[in-house]
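Accompanying notes for the structure given below.
The values are calculated or read from the model by the stated rules, or taken from the named source; none is laboratory data. Just so we're clear, the structure is a prediction, and the values are computed from it rather than from any experiment. Here the Cβ is made from the backbone with ideal geometry for all residues, glycine too, and neighbour counts use every protein chain on show. Remember, those area values only see protein heavy atoms, side chains included, never the ligands or the DNA or RNA. Shrake-Rupley method; radii C 1.70, N 1.55, O 1.52, S 1.80 Å.
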Amino acid sequence: MKPTLQAAILAIGIFTSLIPTPALASFPEAVAAQARGDYASALKLYRIEAQQGHIEAHTNLGLLYEKGNGVAQDYKEAAKWYRLAADKGSAAAQNYLGLMVEDGVGVKQDYKEATKWYRLAAEQGYAAAQINLGVAYMNGVGLPQDKAEAMRWYLRAAEQGDANGQYNMALAYSRGYGVQQDFKEAVKWYRLAAANGHASAQNNLGTMFTTGRGIPANRVLAYALFNLSAISDPSRENKAAANRNGLAASMSAQDIESAKELTLELKQPGNLLKVLDAQSSAPVAN
């Protein structure tokens, strides 16, 4: 399973400790313009910075061209800007270029080259690239399949607090991919990813509470987690709402009301793990 990665505006100076780059006045203005949706201004300012060799301006120009923000969408132009930054060591650009090369968007598809770019970014500590490299190892795409190596890269991302890395760790333990199946370990990682707002982790943790795998069964908590996941990601691809509604058929009206109230507690920032721990010591609702 390959996690969906969304392009993000690069924070000012995020890679300054790794890549020396000129600190020019218009780069912060460009980032601010991009953040407020003024893509035309951002494009103009990034071009000025790019002419002066600002590496992350190259990367952000790639993002604008890839998404078609402030300019006609042009994957080849996006790949050009990503490559300029990637060649100079930008971990973000290396990861973005790897994605384009893997998918054959704007460039010739080449799985082996994609893993090269992922590795360069991953070795700099870029969590998204660590996950992408782990996925490549897990599936044997672009390099020999090595599930143990995949787990090592997932772990490096997870230990940085990356929700996708934590989710992939949980998924691997729950299904026995690259490690011995261990539901308790899966619950541990699902909890962390769920606390980081990962909707699929919230849904899967709800399933663990439903089945009692790796943790005592608790329908009220399961319902609340399904409900939270459905709120976090209301798309059709997320099965949390269906799971919640199916579970409700075997619950009392009082337990459903308690679960809805619990959802509100789980939604509070930084509260999910505290609520789960408190509920684990409370009488179990089944």
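For the chain, with a Gaussian network of springs between Cα atoms less than 10 Å apart, report the residue from 224, 57, 40 with the top mean-square fluctuation.
Per the Cα network of the chain with a 10 Å cutoff, 40 tops the list.
Using a ≥ b ≥ c from the Cα gyration tensor of segment 115-188 (square roots of the eigenvalues), is it rounded, prolate or oblate, where a/c under 1.5 gives rounded and otherwise the larger of a/b and b/c decides, a/b for prolate?
Details: a/c = 2.84, a/b = 1.36, b/c = 2.09.
Oblate, since a/c reaches 1.5 and b/c is not below a/b.
Using a 10 angstrom cutoff on alpha carbons, build the Gaussian network for the chain and name the most mobile of 55, 131, 231.
Largest GNM mean-square fluctuation: 231.
Per the Kirkwood definition applied to all pairs of different Cα atoms, how many angstroms is the hydrodynamic radius of the chain? The partial results should precede the final answer.
Working: mean 1/r = 0.0487 Å⁻¹.
Taking the inverse mean of 1/r over all distinct Cα pairs, the chain comes out at 20.5 Å.
Nearest 20 debye, what's the magnitude of the dipole of the chain about its Cα centre given +1 on Lys and Arg Cβ and -1 on Asp and Glu Cβ?
On the way: 28 positive and 26 negative charges, 71 e Å.
Charge dipole, the chain, about its Cα centre: 340 debye, nearest 20.
Under the classification rounded if a/c is under 1.5, otherwise prolate if a/b is larger than b/c and oblate if not, where does segment 79-162 fall, given a ≥ b ≥ c as square roots of the Cα gyration tensor eigenvalues? Provide the component values of the computation, followed by the final result.
Working: a/c = 2.48, a/b = 1.31, b/c = 1.90.
Oblate is the answer for segment 79-162, as a/c is 1.5 or above yet b/c matches or exceeds a/b.
Can you list the HN-Hα couplings for segment 184-201, worked out from phi with the Karplus curve (6.51, -1.76, 1.60; θ = phi - 60°), rounded to whole Hz and with x for Gly and Pro?
Listing the rounded values in order: 5, 5, 4, 4, 4, 6, 4, 4, 5, 5, 4, 5, 8, x, 6, 4, 5, 5 Hz.
What 222 nm value per residue comes from the helices of the chain, counting each DSSP H run with n ≥ 4 as -39,500 (n - 2.57) and dividing by all residues, nearest 500 deg cm²/dmol? Could you put the intermediate results ahead of the total?
Working: 15 runs with 185 residues, N = 286.
Rounded to the nearest 500, it is -20000 deg cm²/dmol.
I need the phi-derived Karplus couplings for segment 127-132: 6.51 cos²θ - 1.76 cosθ + 1.60, θ = phi - 60°, integer Hz, Gly and Pro marked x.
Ordered by residue, 3J(HN,Hα) equals 4, 4, 5, 4, 5, 4 Hz.
Just to check, using Stokes-Einstein with a Kirkwood Rh over alpha carbon pairs, what's the diffusion coefficient of segment 180-286 at 10 °C and 1.306 mPa s in µm²/s? List each step's numbers first, then the result.
On the way: Rh = 13.4 Å.
Answer, rounded: 119 µm²/s.
Output wanted: per-residue J couplings in Hz (rounded whole) for segment 44-54, from phi through Karplus 6.51 cos²θ - 1.76 cosθ + 1.60, θ = phi - 60°, x for Gly and Pro.
4, 6, 4, 5, 4, 5, 4, 5, 8, x, 6
Taking all protein chains in place and a 1.4 Å probe, what share, in percent, of the accessible surface of the chain do carbon and sulfur account for? Spell out each step's value before the answer.
Values: 6740 of 13600 Å².
Carbon plus sulfur share of accessible area: 50 percent.
Just the accessible area per residue of the chain, please: how many Å² with a 1.4 Å probe? Provide the component values of the computation, followed by the final result.
Values: 13600 Å² over 286 residues.
Value for the chain: 48 Å² per residue.
Mind giving me the nanometre distance, one decimal, between the label points for residue 254 and residue 235, set 7 Å out from Cα along Cα→Cβ?
4.0
Would you mind checking 44/67; 147/274; 44/76; 116/188; 188/274; 147/267 for any pair whose Cα atoms are more than 25 angstrom apart?
Pairs exceeding the cut-off: 147/274; 116/188; 147/267.
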